[in-house]
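Engineer: The structure under discussion is supplied below as structure tokens; questions concerning it will follow.
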Amino acid sequence: MVAITLKNINKTYPGGIQAIDDLNLQIDEGDFMSIVGPSGCGKSTLLRLIAGLEDPNSGSIEFDGMDVGSVVVQDRHVAMLFQDPVLFNHMTVQKNIEFPLHCRKVPKAEIATRIDHTALMLGISELLNRKPQSLSGGQKQRVAMAAAIVQQPKVFLLDEPLSHLDPRLQKTLQYEIKRLHKELKTTFIYVTHDQNEAMSMGNKICIFNKGTLQQVGTPLDVYTKPENRFVAEFLHSYHLNFFEGQVQIDNNTVSFHCEGVKFYLPSRMLAKLMHYHGKTVQMSVRPEHMTFESLNGKNSNYVSLQIIDTQWQGDKARLTLKSRSGEYKTMYTDPNNMFFLEDFQRVYVNPEQIHFYENQPFGRNVTL
């Protein structure tokens, strides 16, 4: 295992394209770090910098406190797994797995031991004499994983390794990768554009946007305590609801006025909203924190929304609704409680599960 420290990393490509902007990040020994963000945000560039396939324009990368800027790729003890498995079609599976060990001149007896153990671990022992063109996508990815594991690397770098597989196989291999992390006790860095995959895979998650680190923490922390609007929106698989209105404070009671109604807020929000009395801010609430049932038995903390579309998802229904101001919202509900009415319905919002943002330009909305 190895701890990785990135200090003031900048990476700019020809044409002035800045892939990484002043990145400072600590990845602890044995972490499973998920790196997530939209396409082009710098995720894969970060992996290539750690692997030594590219050099930063400035800043330093340390493995266990040692600067590896001058250390060549093969001496960093890093293994990479890509979207498309890198296999030699003219070689058998066994030869593919052996290849990196022959390059490092590992003794034959040790090679045989490593391959037998790894093939058994990944359930591919019966594939060793076959060639890649006869394998399924999932089998090819397992072979590529085996070729990485036998090298006994200190760090695994996985660049969207499951994105080309069907959803069911993705779930199976996600489990296998997490199991391997526990068994190998090695530092894993996992890049994905899928926020659900990132949340379910890593014990820590790092969110990027336009080459800039937005937030890092446990999946629960970044989901429940997003540091800005981008994080809050990106970490939801479908739609995050926003309401714009004014903060009002009266006799130490804090409320939020929007859509013609008043939300009474928890007293814990008084201190952080004190300076926003009379100002316009944004409130966000996730679909799962909206309901047709009152959470407190009082006629407050609701908005009037009209159901305009229903999508069935097994034990729940996802509703698209429209507010009186014409904005679209999303919520989930038990299909047995569906009203199926076109009239406006009272939708209650859980005041314990909301966040507020300042109105700032260019989407730089910071959580209050």
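Where a number appears in this text, it was derived from the coordinates with a stated rule and is not lab data. Remember, it's a predicted structure, so these values are computed and weren't measured experimentally. Cβ: placed from backbone, ideal geometry, glycine included. Neighbour counts: every protein chain shown.
Engineer: Kindly list the number of the only condition in (1) closer than 16 Å to VAL2 by Cα; (2) surrounded by 15 or more Cβ atoms within 10 Å (Cβ to Cβ); (3) touching a helix residue (DSSP H, G or I) at 6+ places or on another chain (Cβ under 8 Å); (4) without any contact (Cβ under 8 Å) to a residue 60 or more places away in the chain that fails for VAL78.
Structural biologist: It fails just one condition, (4).
Engineer: Given the conditions (1) touching a residue at least 24 places away in the same chain (Cβ under 8 Å); (2) in a helix (DSSP H, G or I); (3) of a type outside the set (Asp, Glu), which single one is not true for GLN246?
Structural biologist: The single condition GLN246 does not satisfy is (2).
Engineer: Also, quick follow-up: When ASN57 is evaluated against the numbered criteria (1) more than 22 Å from the chain's Cα centre (by Cα); (2) closer than 25 Å to LEU162 by Cβ; (3) in contact (Cβ under 8 Å) with a residue 40 or more places away in the chain, which criterion, by number, is the only one it fails?
Structural biologist: (2)
Engineer: Taking the condition surrounded by fewer than 17 Cβ atoms within 10 Å (Cβ to Cβ) and of a type outside the set (D, E, K, R), does HIS236 pass?
Structural biologist: no
Engineer: Within segment 213-229, is there a residue that is among the aliphatic types (A, V, I, L, M), buried (at least 17 other Cβ atoms within 10 Å of the Cβ), within 11 Å of the chain's Cα centre (by Cα) and not in a loop (DSSP other than H, G, I, E, B)?
Structural biologist: yes
Engineer: Does segment 143-153 contain any residue that is over 21 Å from LEU53 (Cβ atoms) and in a loop (DSSP other than H, G, I, E, B)?
Structural biologist: Looking through segment 143-153, none of the residues is over 21 Å from LEU53 (Cβ atoms) and in a loop (DSSP other than H, G, I, E, B).
Okay, residues lined up against (1) over 20 Å from GLY15 (Cβ atoms); (2) touching a residue at least 12 places away in the same chain (Cβ under 8 Å); (3) among the basic types (Lys, Arg); (4) assigned to a helix (DSSP H, G or I):
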position	(1), (2), (3), (4)
SER44	no, yes, no, yes
ARG48	no, no, yes, yes
VAL71	yes, yes, no, no
ASP84	yes, yes, no, no
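Engineer: Okay, moving on. Which one of the conditions (1) surrounded by 15 or more Cβ atoms within 10 Å (Cβ to Cβ); (2) over 24 Å from GLN152 (Cα atoms); (3) aromatic (Phe, Trp, Tyr) does TYR13 fail to meet, given that it meets all the rest?
Structural biologist: In the conditions (1) surrounded by 15 or more Cβ atoms within 10 Å (Cβ to Cβ); (2) over 24 Å from GLN152 (Cα atoms); (3) aromatic (Phe, Trp, Tyr), TYR13 misses (1) alone.
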